[in-house]
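K.L.:
What follows is a single structure, and I will ask about it in a moment.
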Amino acid sequence: MGSLLQWNWLPRIGAVTVKDFFFLWLAGIFYPIGLVPWDRLKLEGNRVAGDWRKNKDKEKNPVLLIHGYFHNGSAYLLLKHRLEKAGWRHVYSINLSSKKTIEQSAERLAEDVDKILHQTGAHRVDVIAHSMGGLVARYYVQFLEGYKKVERCITLACPNQGTELYLFAVTPCGRQLNPRGQFITKINQDNLDKLRYIYTASVWSAYDLMILPSEYARWPQDTADIAIDSVGHWGLLYSSEVFEALQRLLGEKSKLPALRVVRPNVA
């Protein structure tokens with residue numbers, strides 16, 4: 001907490017916080033759009049909008065976007081548009097219930113991944129997961145054999161090592177974010193060998209006020225690691241800088257050495 005009191009740090013965190021409140025307000029405006037299950041209808045329908053097997057650019061896997069705590073697929077309206085404009089033909093987002101445990105949401109994720117692979121003919125998907133959605137993705141990969149079906153798992157502002165704000169959680173999945181709790185301990189100690197089959201990455205903000213301390217957004221094990229100092233927890237969803245990083249990460253081949261760590265200057 002000492003660094004929080006350094007005067008050259010305060011103007012930056014103040015500016016980032018103001019922007020993040022704007023992005024949180026924007027997320028609230030978009031939220032009703034996410035209540036319409038467009039991707040659910042597409043997944044459950046018989047007709048597929050395009051076929052991965054006919055895609056000339058086959059290195060682009062289907063991308064599955066997973067939202068965070070008390071949010072829905074509307075979190076990714078801008079990112080989804082950007083990905084599709086950049087050439088990703090199959091981009092999906094799903095709605096998960098914040099009333100369920102992370103394990104239950106991971107089981108739902110497993111079902112949707114299977115549907116995407118079946119409909120598109122792809123061999124693997126790439127996952128981008130924001131906030132608690134990253135833990136859903138990690139549980140799927142590490143404990144539900146998702147490592148066989150996921151090529152890249154990228155977390156955005158994910159409490160990979162928990163957050164002290166779990167004290168204010170009102171649902172079981174929120175309380176699972178206890179940094180010293182059973183779930184966080186399990187996911188960071190068990191079945192880590194499964195991660196060697198996929199490419200993993202963490203994009204996080206040193207000014208994230210939802211993950212305390214903000215460094216808990218980093219994976220505890222070796223992985224690609226990119227810190228952003230221009231936006232906070234919510235801003236990562238809308239940042240053009242983050243989108244550029246995601247494009248690069250989605251182009252990485254699985255099991256390449258970790259990318260160079262980029263850190264904001266907060267000293």
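K.L.:
Of GLU107, GLU252, how do they rank once you tally other Cβ atoms within 10 Å and put the fewest first?
P.N.:
The most exposed by this proxy come first: GLU107, GLU252.
K.L.:
Which pairs break 28 Å Cα to Cα here: LYS100/LYS194; LYS100/LYS148; LYS85/LYS186; LYS99/LYS149; LYS60/LYS186; LYS19/LYS149? Walk me through the numbers before you get to the answer.
P.N.:
Values: LYS100/LYS194 24 Å; LYS100/LYS148 25 Å; LYS85/LYS186 38 Å; LYS99/LYS149 26 Å; LYS60/LYS186 32 Å; LYS19/LYS149 36 Å.
In this structure, LYS85/LYS186; LYS60/LYS186; LYS19/LYS149 lie more than 28 Å apart at Cα.
K.L.:
Tell me, VAL170, VAL91, VAL36, VAL127 in order of fewest to most beta-carbon neighbours within 10 Å? List each step's numbers first, then the result.
P.N.:
Details: VAL170 9, VAL91 21, VAL36 13, VAL127 30.
Fewest to most other Cβ atoms nearby, the residues stand as VAL170, VAL36, VAL91, VAL127.
K.L.:
Taking the number of other C-beta atoms within 10 Å as the exposure measure, put LEU195, LEU156 in order starting with the fewest.
P.N.:
Arranged by neighbour count, lowest to highest, LEU195, LEU156 become LEU195, LEU156.
Any read-out appearing in this document is the output of simple, stated calculations on the displayed coordinates, not a laboratory observation. These numbers were taken from a predicted model, which means no experiment stands behind them. Glycine also receives a Cβ, built like all others from the backbone with ideal geometry; neighbour counts cover every protein chain displayed.
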